[in-house]
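Shown next, in structure tokens, is the structure this report addresses.
The values are calculated or read from the model by the stated rules, or taken from the named source; none is laboratory data. Quick caveat, the model's predicted, so the values are computed rather than measured. Cβ coordinates were reconstructed from backbone atoms using ideal geometry, including for glycine residues, and neighbour counts include every protein chain displayed. All accessible areas refer to the heavy atoms of the entire protein, side chains included, with ligands and DNA or RNA removed. Shrake-Rupley method; radii C 1.70, N 1.55, O 1.52, S 1.80 Å.
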Amino acid sequence: MKWLILPLLLLASQQTQATPEQDRQTIRDFYQQIFPHVPFTGYADGVYAFDSDARSSWEAIKEFPPYAFVLEKGQQLFNTPFPNGTYYSDCFQNKGRGIAQNYPFWDEQKQQITTLPSAINDCRIKNQQALLTYGTADIIALQSYIADSSRGKIIHTEIPTSALKAYDAGKTYFYQRRGQLNFSCASCHVDNAGKFLRSELLSPALGHTSHWPAYRLNTGEVNTLHSRFKVCNQLIRAKVDAAQSPALRQLEFFLSYMANGLPLNGPSIRK
């Protein structure tokens, strides 16, 4: 049945006239038909929704999360005032607690996508502080601390009319083949989702934005979603876009909209 559904999914996804909601429903219907045993909320757990043995180990590791030290550092940074006496919490709704589910979002005033890391740097600009380099320890710690307070919150990404061009760019990036291996994001995470590539089980794209930042067991470090995007492009020998570049923000925007309704469970642990 999968091979009957797949061409329809790719056809629908590549139709420029499809609305974001049509795209979202198409990809959800696709995964539901090829993985009928996986409940919708299970997609927030990535491959651990498909591999019971790996899930047991994953759940055991979560008892003593290896990212705890990052949360402690994030809390310290978050609660340290800027020289002008204000705090990170003064830059965010609800003082920065339980808000990660609302990122990324389309900023109507700036006419661009705001992600949680970019919002952290916007806060620093507002308080006359130097920007933090994306993907480095301090901004990952801050992002992790804010994300942890949002655990269990439901992803809520909106695509206003003014954001359709950015959304479509992210969608195009997801389905476009590139690099020496001529792969797209969809080659692994749609066409071959649930299959093994060497020893690794390929995860569905649905839920890819739900669990970040994530402690990577293969590196022993906490990394970000954009770090993972960069690694994927390296693996297929394609151009590697910088973290928080317009291209990767657009890809995150598209994937986050696909994940609407899933609970956040980051920081998390992944292979």
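Residues in region 1-57 that are in a helix (DSSP H, G or I), touching a strand residue (DSSP E or B) at 6+ places or on another chain (Cβ under 6 Å) and modelled with pLDDT under 95: 1 in all.
Listed by position, the helices (runs of 4 or more DSSP H) inside region 94-210 whose residues that are open to solvent by less than 10 Å² (accessible area, probe 1.4 Å) and in contact with a Gly (Cβ under 9 Å, 6 or more places away or on another chain) number at least 3 are 137-148.
Put simply, of S89, S149, S184 the only residue that is within 29 Å of D45 (Cβ to Cβ), without any contact (Cβ under 8 Å) to a residue 40 or more places away in the chain and small (G, A, S) is S184. Of all residues in region 58-72, those satisfying the criterion of being open to solvent by 70 Å² or more (accessible area, probe 1.4 Å) and at pLDDT 95 or above are F69, E72.
Identify all residues within region 73-86 that are in a helix (DSSP H, G or I) and either surrounded by 13 or more Cβ atoms within 10 Å (Cβ to Cβ) or at pLDDT below 95 (or both); write none if there are none.
Residues satisfying the conditions are K73, G74, Q75, L77, F78.
Does region 188-205 contain at least one residue that is closer than 15 Å to F253 by Cβ and more than 19 Å from the chain's Cα centre (by Cα)? No: region 188-205 contains no residue that is closer than 15 Å to F253 by Cβ and more than 19 Å from the chain's Cα centre (by Cα).
With respect to L225, is the statement that it is surrounded by 20 or more Cβ atoms within 10 Å (Cβ to Cβ) and modelled with pLDDT of 95 or more true? For L225, the condition - surrounded by 20 or more Cβ atoms within 10 Å (Cβ to Cβ) and modelled with pLDDT of 95 or more - is met.
Every condition in (1) in contact with a Ser or Thr (Cβ under 6 Å, 6 or more places away or on another chain); (2) open to solvent by 40 Å² or more (accessible area, probe 1.4 Å); (3) not basic (K, R) is met by D90 except one, and the failing one is (1).
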